[in-house]
Amino acid sequence: MQICMKMQKGRYYIDQELVGKIAQRIKELRNEHGHTQEYLIEQVHLSINSYEVGHKVPTLMSILKICEFYGISLSDFFAPINYPPKK
């Protein structure tokens with residue numbers, strides 16, 4: 001998911017906290033199902049390792065593909081993240 005807002009020409013804002021929470025959620029799903037990164041990569045053909053270490057930000061379509069593989073909705077994916085907190 002590109003969590004970016006264009007700030008100036010060629011520069012984007014990335015919310016590192018959200019990126020970390022998304023990475024953690026992907027890891028949680030893998031661990032719940034007993035899958036390795038390699039297995040998930042083979043199944044969904046995405047850069048799971050890059051997402052989990054925060055080198056890449058998954059697009060919404062990539063997250064959707066992970067959700068479809070695990071049989072969950074986007075709401076189910078994002079619900080535990082609860083970010084940003086309500087004020």
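For the chain, the alpha carbon convex hull comes to 98 Å³ per residue, rounded to a whole number. Looking at the chain, the accessible area is 67 square angstrom per residue; that uses a 1.4 Å probe and ignores ligands, DNA and RNA.
Roughly to the nearest percent, how much of the accessible area of the chain is carbon and sulfur, given a 1.4 Å probe?
Numbers: 3030 of 5860 Å².
Carbon and sulfur atoms account for 52 percent of the accessible area of the chain.
Taking 0.36 nm per residue of sequence separation and removing the Cα-Cα distance, the GLU28/VAL53 pair yields an extension gain of 7.6 nm. Adding -39500 (n - 2.57) for every DSSP H run of four residues or longer, then dividing by how many residues the chain holds, sets the calculated 222 nm ellipticity at -15000 deg cm²/dmol. When the chain is treated as a Gaussian network with alpha carbon springs shorter than 10 Å, the biggest mean-square fluctuation among SER73, SER47, SER62 belongs to SER73.
The values are calculated or read from the model by the stated rules, or taken from the named source; none is laboratory data. Please read all numbers here as calculations on a predicted model, not as lab measurements. These accessible areas exclude ligands, DNA and RNA; they are computed on the full protein's heavy atoms, side chains included. Shrake-Rupley method; radii C 1.70, N 1.55, O 1.52, S 1.80 Å.
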